[in-house]
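Structure first, then comments.
The values are calculated or read from the model by the stated rules, or taken from the named source; none is laboratory data. Just so it is clear, the structure is predicted and the values come from calculations on it, not from any experiment. Cβ coordinates were reconstructed from backbone atoms using ideal geometry, including for glycine residues, and neighbour counts include every protein chain displayed. In case anyone asks, the SASA skips ligands and DNA or RNA and just uses the protein heavy atoms, side chains included. Shrake-Rupley method; radii C 1.70, N 1.55, O 1.52, S 1.80 Å.
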Amino acid sequence: MSGTTAIDSLQNARAKLWLSLTDARGIRKHGAFLLSGRKTVPEALTAHGACFTAALARNDSDLNRLSLPAHIERYVLAKPLFEMLDTNGTGFPLLVGQVPVMAEADFTKAPDGFELVLALGDPSNLGAVLRSAAAFGVSRIVLMEGAAHPFHPKALRGGANAQFALTFLKGGNWDTLRAAKGPLAALDGTGADIETYDWPASLRLVLGEEGRGLPPGLAAEKLAIRTTGAVESLNATVAASLALHAHFRRQRG
């Protein structure tokens with residue numbers, strides 16, 4: 001087991017870097033993120049330990065509760081610093097991880113498998129959708145311009161480690177999708193019922209932005225979720241989860 005480094009000052013260079021990881025700007029700048037959670041941290045260490053570089057805690061006793069691989073650096077932080085980093089208030093040790101490289105989506109080629117295309121700006125909503133995607137076998141996520149960062153602390157909390165099972169692609173603005181090749185469908189208030197739709201094995205499914213819906217003029221087959229009509233529309237997260245489950249059930253026969 002490697003030695004432990006104590007950090008007390010908010011002015012420490014590492015402390016400043018970690019504090020920047022509590023928002024999307026810092027995550028993009030440094031290509032790193034913070035993972036918290038009494039359940040998610042041990043599970044992520046076991047299944048994806050190579051993704052992490054450091055563990056942060058309030059004391060050695062807390063660090064010793066984790067089975068840390070030798071390559072992970074150990075840090076004990078002053079209480080004020082730890083609490084600023086522990087944005088979810090778990091009190092449990094945090095992990096510092098590396099954001100995976102995200103390639104550019106190539107819409108000039110037909111999709112190879114199922115791709116979920118979205119621009120959800122709320123990180124909590126994004127995390128919830130990613131959790132459903134992983135649960136229902138969708139592994140490729142295209143993040144359009146304006147999407148929240150999938151490794152934002154709130155997205156990680158909502159995703160419950162789903163991020164580590166997914167491949168993320170950068171999609172650019174909505175105009176780049178207009179000339180997309182291959183099957184393209186979008187969730188909308190009208191269109192084919194997701195329960196009877198003949199889901200192709202390879203498809204790009206577009207989820208519109210919260211409150212704005214789909215970009216105008218998008219040449220995609222419209223898919224609808226039938227409801228009682230008691231409410232005008234479903235939350236984007238709920239709608240996406242229902243559609244992904246319908247696709248999952250159809251592919252499993």
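Rg(Cα) of segment 165-245 divided by 2.2 N^0.38 Å? The partial results should precede the final answer.
On the way: Rg = 13.0 Å, N = 81, 2.2 N^0.38 = 11.7 Å.
With N residues counted in segment 165-245, Rg over 2.2 N^0.38 Å equals 1.11.
Could you pull out every residue, at least 5 positions away or on a different chain, whose amide H is within less than 5 Å of the one on Thr167? Hs are placed 1.01 Å off N in the peptide plane, and Pro or chain starts have none.
Distant-sequence amide H within range of Thr167: Arg140, Ile141.
Treating the beta-carbon of each Lys and Arg as +1 and of each Asp and Glu as -1, no other charges, what is the dipole magnitude of segment 50-124 about its Cα centre, to the nearest 20 debye?
Numbers: 5 positive and 10 negative charges, 75 e Å.
Once rounded to the nearest 20, the dipole reads 360 debye.
So if I place +1 on the C-beta of Lys and Arg and -1 on the C-beta of Asp and Glu, and nothing else carries charge, what would the dipole magnitude of the chain be about its Cα centre? I want it in debye, nearest 20. Walk me through the numbers on the way to the answer.
Numbers: 26 positive and 23 negative charges, 79 e Å.
That gives the chain a dipole magnitude of about 380 debye.
With a 1.4 Å probe and every protein chain left in place, work out the accessible area per residue of the chain in Å², rounded to a whole number. All intermediate terms of the calculation are to be shown ahead of the outcome.
Working: 12230 Å² over 253 residues.
For the chain, the per-residue accessible area is 48 Å².
Run down the lysines and flag those whose C-alpha is under 19 Å from the C-alpha of Lys16, throwing out any fewer than 8 positions away in its chain.
The qualifying lysines are Lys29, Lys79.
What whole-number value in cubic angstrom gives the convex hull volume per residue for the C-alpha atoms of segment 16-58?
Values: hull volume 3.6 nm³, N = 43.
Given the Cα convex hull of segment 16-58, per-residue volume reads 85 Å³.
Rounded to the nearest 0.05, what FRET efficiency do Glu83 and Asp193 have when you use their Cβ-Cβ distance and R0 = 51 Å? Each step should come with its number before you reach the end.
Values: r = 49 Å, r/R0 = 0.96.
Calculated transfer efficiency: 0.55.
Taking 0.36 nm per intervening residue step and subtracting the Cα-Cα distance, what contour gain separates Lys109 from Gln11 on full extension?
Gain on extension, Lys109 to Gln11, equals 30.5 nm.
Among Phe92, Gly253, Gly191, which residue has its Cα positioned farthest towards the positive end of the charge dipole of the chain, with +1 placed on the Cβ of Lys and Arg, -1 on the Cβ of Asp and Glu, and the dipole taken about the Cα centre?
Of the candidates, Phe92 comes out farthest on the positive side.
Pick out, from Leu34, Leu77, Ala54, the residue whose Cα sits farthest towards the positive end of the charge dipole of segment 23-87, with +1 on the Cβ of Lys and Arg and -1 on the Cβ of Asp and Glu.
Leu34
With label points built 7 Å along Cα→Cβ from the Cα atoms of His30 and Val101, find their separation and express it in nm.
Here the answer is 2.2 nm between the modelled labels.
In debye, nearest 20: dipole of segment 99-199 around its Cα centre with unit charges on the Cβ of K, R (+) and D, E (-)? Don't skip to the answer; put the middle values down first.
Working: 8 positive and 11 negative charges, 82 e Å.
Around 400 debye, computed over segment 99-199.
Show me the GluC sites (Glu not before Pro) within segment 92-172 that DSSP assigns to loop and that have at most 12 other Cβ atoms within 10 Å of their Cβ.
Values: sites: Glu104, Glu115, Glu145; in loops: Glu145.
Those satisfying the criteria are Glu145.
Compute the normalised compactness of the chain: alpha-carbon radius of gyration over 2.2 N^0.38 Å, N being the residue count.
Numbers: Rg = 20.1 Å, N = 253, 2.2 N^0.38 = 18.0 Å.
For the chain, the normalised Cα radius of gyration comes out at 1.12.
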